[in-house]
Number of protein chains: 4
Amino acid sequence: MSPHAVLLLSCPDHPGIVADVAQWVASSGGNIVHAEQHTDREDGMFFQRVEFTTDSLTFDVAELDQHFAGVAARHGMTADIRLSGWRPRTVVLASKPPHCLADLLTRAYTGDLDLDLAAVVSNHPDNAGITERFSVPFHHLPVDGDRAGQELRLDTLLGEVQPELIVLARYMLVLPPWLVDAWPQQIINIHHSFLPAFVGASPYRQAHDRGVKVIGATAHYVTAGLDEGPIIDQDVTRISHRDDVTELTRKGRDLEVLVQARAVRAHIEHRVLTWGNRTVVFE
Amino acid sequence: MSPHAVLLLSCPDHPGIVADVAQWVASSGGNIVHAEQHTDREDGMFFQRVEFTTDSLTFDVAELDQHFAGVAARHGMTADIRLSGWRPRTVVLASKPPHCLADLLTRAYTGDLDLDLAAVVSNHPDNAGITERFSVPFHHLPVDGDRAGQELRLDTLLGEVQPELIVLARYMLVLPPWLVDAWPQQIINIHHSFLPAFVGASPYRQAHDRGVKVIGATAHYVTAGLDEGPIIDQDVTRISHRDDVTELTRKGRDLEVLVQARAVRAHIEHRVLTWGNRTVVFE
Amino acid sequence: MSPHAVLLLSCPDHPGIVADVAQWVASSGGNIVHAEQHTDREDGMFFQRVEFTTDSLTFDVAELDQHFAGVAARHGMTADIRLSGWRPRTVVLASKPPHCLADLLTRAYTGDLDLDLAAVVSNHPDNAGITERFSVPFHHLPVDGDRAGQELRLDTLLGEVQPELIVLARYMLVLPPWLVDAWPQQIINIHHSFLPAFVGASPYRQAHDRGVKVIGATAHYVTAGLDEGPIIDQDVTRISHRDDVTELTRKGRDLEVLVQARAVRAHIEHRVLTWGNRTVVFE
Amino acid sequence: MSPHAVLLLSCPDHPGIVADVAQWVASSGGNIVHAEQHTDREDGMFFQRVEFTTDSLTFDVAELDQHFAGVAARHGMTADIRLSGWRPRTVVLASKPPHCLADLLTRAYTGDLDLDLAAVVSNHPDNAGITERFSVPFHHLPVDGDRAGQELRLDTLLGEVQPELIVLARYMLVLPPWLVDAWPQQIINIHHSFLPAFVGASPYRQAHDRGVKVIGATAHYVTAGLDEGPIIDQDVTRISHRDDVTELTRKGRDLEVLVQARAVRAHIEHRVLTWGNRTVVFE
């Protein structure tokens, strides 16, 4: 079966966009198998995800961008077309806690997530064992008192691997802005709180001390501001006075893993658009 | 502001439907403000909800059905167009428990749900007080050993009121098939379990005796089969061994009320399509 | 049936407390029907809720405090004994939004919550209608440019009613510290966010602008710090990019109502202990 | 640190049990660090879990059962004492789907679950790879047209390994009653529906065809009746018309894994009592 094409677009809202896009797909020989749209009335913006067949296209699939350019220009669109079945070359950064990393390794191994795991990077040696059990290269980049040097070694490694996706699977070092800027909307971070509550270090300790009755986890694209990037997914679980910080940390692990998997899946399936500091996540 | 038109359609899936509908809206002078579609690949069926403006239509809004007829015929569609702001004339049937009824009375009063409550009917007198506090007519139709007679009196009353929506808000008598058939897809029932578990009487007792760890509530269209109609919404809550039948009943009340409100809202907003015994509920 | 006695106690943890309390109940002629305890190991504190029968007590039920005083002194306890079936004289403060108030009125009317609603107070006239439908006195205390004067009139009213519980059911004015201090742990506020996120005004607008994927509601005891008191209950619901501020506000209403009812119920049933800025909520 | 002792007991309810048990712990030199109790008033039964320190016991820890025997006899108790830190020798049975097995392997590896994985058994070869990556012995026991023979080979294997816990991590063959009876309350099964809905084969297909709006997963002790044993834990997730059977299966995987982990954890921590076909799961 030929892959589907997935078109993600955004533009100022005005009449006729839906008809124009549908018309273009039909006239190109495609059949729309799924379409979802969203209008942000406050900002006057239109967003759409259109998935269509490519096996009867009247032109070569490689020319999709070029053929859509006319429609895009007419409506002032930002548009991005990708073929289904994308399996991004991925680098995972993980510090000591193994669960988020282990979950990605397992899901990639069983095929639950379509990831090509090219490298795992850590500032600690602890996760070498689990990584190597899944035959993924493990790179130990310790800080050793030289944070700037470590960042440069990380940059070099990323430059060599050229990942299409970087997942911070409980990586406890904040990336420098210049490095973040080099991989726009390609870095997903898992923060162990329901942001914007409990930014920064030790969110489970913060949650315990504030006495909240729910804890959460957040997956977001990384931007220069700490824990401030566009949120892709969040989830929470109820807790009680019985849960000390150790227990919050344990319960939170299951949340972090789930939220991470959902966000990575949405990203792989080309279902996420960002608009300012918010996301549109099509279903 | 002119109301929006809301078009709900279903038909066998094939290329070109989306473009054709969008083209028809645009050429009619409408602007699509929201569109959602669904393709059931297993059954080869296409479903769509399209909401569009009517203030620049090239024809009278009353002629919408007639103007769409050509598109509908071309694709073998079942289509239903309704204007936004529908406030259905509604009859609520409730036996002794007051919570589902009281919630509808309150939401209609505060404007949370756009309901024109024309009558409350009960086989018990208990809910007369709460109903009359909200100035809604209360009709006491006791069974008094004559079930068939009570059903005829109910039928007469419904014939007089001509409701556009009937809500069984914990009405504990099963309606006879001939009465159900007279109001197709206009009767919503709240069953106090997550169907298909615990059909019939005393579901909280059944749930307790089975030792489940979640209980639920279900809102569904009423069909001739007991608790078997198309499900509109369901929800659940966690319980524990500490919850006896009384406590399950209490916790369940909050679920029933929420599920009822969501289902009624979806129905009012013309977001529900049925297909066989299932529903498509657009968001 | 005689009421049960409900003993809530807290003290520094050490061996023998459970045995000593159980022994005291048994020797007093009571039978423990429910007991729950919690040890905060970090703070070295012990908390317990013990519910026991009173129909075979060897002394008058009015002497419970006095008879327990020896045990309390031996362990340095803070202890509070209340008989079951408490139906607190309650004042509800509500500004314009009617849903939290309407829910309390309905639950009190149907008996779902054991509240003696003595008065509803508002700085707006809007909720007079719904309040009077339930035959509860409504007091309109407008600010009219004189905030301090309004607070004094509120204080006078509370002094006359002598409530045992005050619920801020979406009351949009911050109470002055001197008034809060006069009713320690008797004022429950509903804040329409999952605190500590989105403190202060317009939390749904804040949530929308941050682009979160869950919204929440929080019930907490009121202290001098804005939205900073001990949290009794919280809950959340998933949202998506489709939800604008109006829709968040609508979805949030159902959360606020539920969280408010759960917190009020826990308070009435004498299940809440506070410890610093946190709560122990027994089940 | 000495391990804690964990006492699980049940008996007909009557006055004085709590005091008697607490008294016994205190007089034995133990300090209660956690206690939870439950009274089933309908059945007149009392259940308790008491966790206490053992480092100052006045007798050898191995004599706990013997020293408690007097208390147990006095109240007609069924009692079971286990030391904390139990790490049961475990056999996992899994057919083709890898996710439940992979999750147990990962949690055992990272220490999230305290399991001594002694063997993985399957009627298919598919899971050999993932099992061996975690250095756990894999036993392929194919049916090959001889179901009775396969059951005998499984019985032999279990007899050799002498597991303290058997987890059916999506094992698609029903165990024969004689084998189930040999391991009472030691076999936990994960069924991929919220029982009692959708018993038996293909529950996601059944759920799809019924058109439910939530799907679930259930962990229960295995008894002779198919999917009818005492439920330890259940959870659900919302679905919509967009989810076909493949998508239900995918979303269900995350539920199954979570419910399995929670049930296994409760079992390991000696927090589950069964009473008839129900469980008491202390927290």
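The values are calculated or read from the model by the stated rules, or taken from the named source; none is laboratory data. All values derive from a computational prediction rather than experimental measurement. Here Cβ is always computed from backbone atoms with ideal geometry, including for glycine, and neighbour counts include all displayed protein chains.
Is it the case, given these coordinates, that D:A79 is small (G, A, S), closer than 19 Å to D:L8 by Cα and crowded, with 16+ Cβ neighbours inside 10 Å? For D:A79, the condition - small (G, A, S), closer than 19 Å to D:L8 by Cα and crowded, with 16+ Cβ neighbours inside 10 Å - is met. Note on the range D:135-151: residues that are within 14 Å of chain A (Cβ to nearest Cβ), surrounded by 13 or more Cβ atoms within 10 Å (Cβ to Cβ) and more than 22 Å from the chain's Cα centre (by Cα) amount to 0. On the stretch given as the range D:113-132, residues that are within 11 Å of chain A (Cβ to nearest Cβ) and surrounded by fewer than 19 Cβ atoms within 10 Å (Cβ to Cβ) total 3. A single entry from D:G200, D:G252 fulfils the requirement of being at pLDDT below 95 and more than 11 Å from chain B (Cβ to nearest Cβ): D:G200.
Of all residues in the range A:52-85, those that are in contact with a helix residue (DSSP H, G or I) (Cβ under 6 Å, 6 or more places away or on another chain) and either in contact (Cβ under 8 Å) with a residue 60 or more places away in the chain or not assigned by TED's automatic domain parsing to the domain that holds A:H38 (or both) total 3. Provide a single number: the residues in the range C:88-111 that are in contact (Cβ under 8 Å) with a residue 60 or more places away in the chain and out of contact with any Pro (no Cβ under 7 Å at 6 or more places or on another chain). Counting residues in the range C:88-111 that are in contact (Cβ under 8 Å) with a residue 60 or more places away in the chain and out of contact with any Pro (no Cβ under 7 Å at 6 or more places or on another chain) gives 13.
Output the residue which, of all residues in the range C:182-230 that are touching a residue at least 60 places away in the same chain (Cβ under 8 Å) and surrounded by 18 or more Cβ atoms within 10 Å (Cβ to Cβ), is farthest from A:T218 (Cα to Cα). By that ranking, first place goes to C:I188. Does any residue of the range D:15-25 turn out to be surrounded by fewer than 15 Cβ atoms within 10 Å (Cβ to Cβ) and either facing chain C (nearest Cβ under 9 Å) or more than 30 Å from D:V161 (Cα to Cα) (or both)? Taking every residue of the range D:15-25 in turn, none turns out to be surrounded by fewer than 15 Cβ atoms within 10 Å (Cβ to Cβ) and either facing chain C (nearest Cβ under 9 Å) or more than 30 Å from D:V161 (Cα to Cα) (or both). Among the residues of the range C:167-175, is there at least one that is closer than 28 Å to A:I231 by Cβ, crowded, with 18+ Cβ neighbours inside 10 Å and of a type in the set (S, T, Y)? No, the conditions are met nowhere in the range C:167-175. Regarding C:L8, is this residue within 24 Å of C:N277 (Cβ to Cβ) and either within 12 Å of another protein chain (Cβ to nearest Cβ) or crowded, with 18+ Cβ neighbours inside 10 Å (or both)? When the stated conditions are applied, C:L8 passes them.
Looking at the range C:68-81, is at least one residue at pLDDT below 95 and more than 9 Å from chain D (Cβ to nearest Cβ)?
no
Taken as a whole, the condition of being within 11 Å of chain C (Cβ to nearest Cβ), of a type in the set (V, I, T) and under 19 Å from A:E256 (Cβ atoms) does not apply to A:V174. Count, please, the residues in the range B:106-153 that happen to be of a type in the set (F, W, Y) and within 20 Å of B:A266 (Cα to Cα). Residues in the range B:106-153 being of a type in the set (F, W, Y) and within 20 Å of B:A266 (Cα to Cα): 1 in total. Could you say whether any residue in the range C:94-104 is outside the structural domain of C:F46 (by TED's automatic domain parsing), in contact with a Cys (Cβ under 9 Å, 6 or more places away or on another chain) and buried (at least 19 other Cβ atoms within 10 Å of the Cβ)? Yes, the range C:94-104 contains at least one residue that is outside the structural domain of C:F46 (by TED's automatic domain parsing), in contact with a Cys (Cβ under 9 Å, 6 or more places away or on another chain) and buried (at least 19 other Cβ atoms within 10 Å of the Cβ). Among the conditions (1) over 19 Å from C:A5 (Cα atoms); (2) under 18 Å from the mean Cα position of the chain (by Cα); (3) within 14 Å of chain B (Cβ to nearest Cβ), C:Y109 misses just one, which is (2). Check C:Q234 against each of (1) more than 29 Å from C:G159 (Cβ to Cβ); (2) more than 10 Å from every other protein chain (Cβ to nearest Cβ); (3) touching a residue at least 40 places away in the same chain (Cβ under 8 Å) and name the one condition it does not meet. Going through the list (1) more than 29 Å from C:G159 (Cβ to Cβ); (2) more than 10 Å from every other protein chain (Cβ to nearest Cβ); (3) touching a residue at least 40 places away in the same chain (Cβ under 8 Å), C:Q234 breaks only (2). Picking from residues in the range A:26-51 that are in contact (Cβ under 8 Å) with a residue 24 or more places away in the chain, farther than 16 Å from B:I32 by Cβ and assigned to a loop (DSSP other than H, G, I, E, B), the one that is nearest to the other protein chains (Cβ to nearest Cβ) is A:N31.
In the range C:270-283, the residues that are touching a residue at least 40 places away in the same chain (Cβ under 8 Å) and within 9 Å of chain A (Cβ to nearest Cβ) form Cβ pairs under 7 Å with partners that are among the acidic types (D, E) and surrounded by 19 or more Cβ atoms within 10 Å (Cβ to Cβ), at six or more places apart or across chains, as follows: C:F282/C:E36; C:E283/C:E36. Report yes if some residue within the range C:191-212 is outside the structural domain of C:S10 (by TED's automatic domain parsing) and under 28 Å from C:H34 (Cβ atoms); otherwise report no. The answer is no; no qualifying residue exists. For the range B:52-104, the set of residues classified as basic (K, R), touching an Asp or Glu at 6+ places or on another chain (Cβ under 9 Å) and not in a helix (DSSP H, G or I) consists of B:R87, B:R89, B:K96, listed by residue number.
Considering the range B:26-54, and only residues there that are buried (at least 21 other Cβ atoms within 10 Å of the Cβ) and small (G, A, S), the residue that is modelled with the highest pLDDT turns out to be B:G30. Does at least one position in the range B:225-245 carry a residue that is touching a helix residue (DSSP H, G or I) at 6+ places or on another chain (Cβ under 7 Å) and within 21 Å of B:E164 (Cα to Cα)? The answer is yes, given that some residue of the range B:225-245 is touching a helix residue (DSSP H, G or I) at 6+ places or on another chain (Cβ under 7 Å) and within 21 Å of B:E164 (Cα to Cα).
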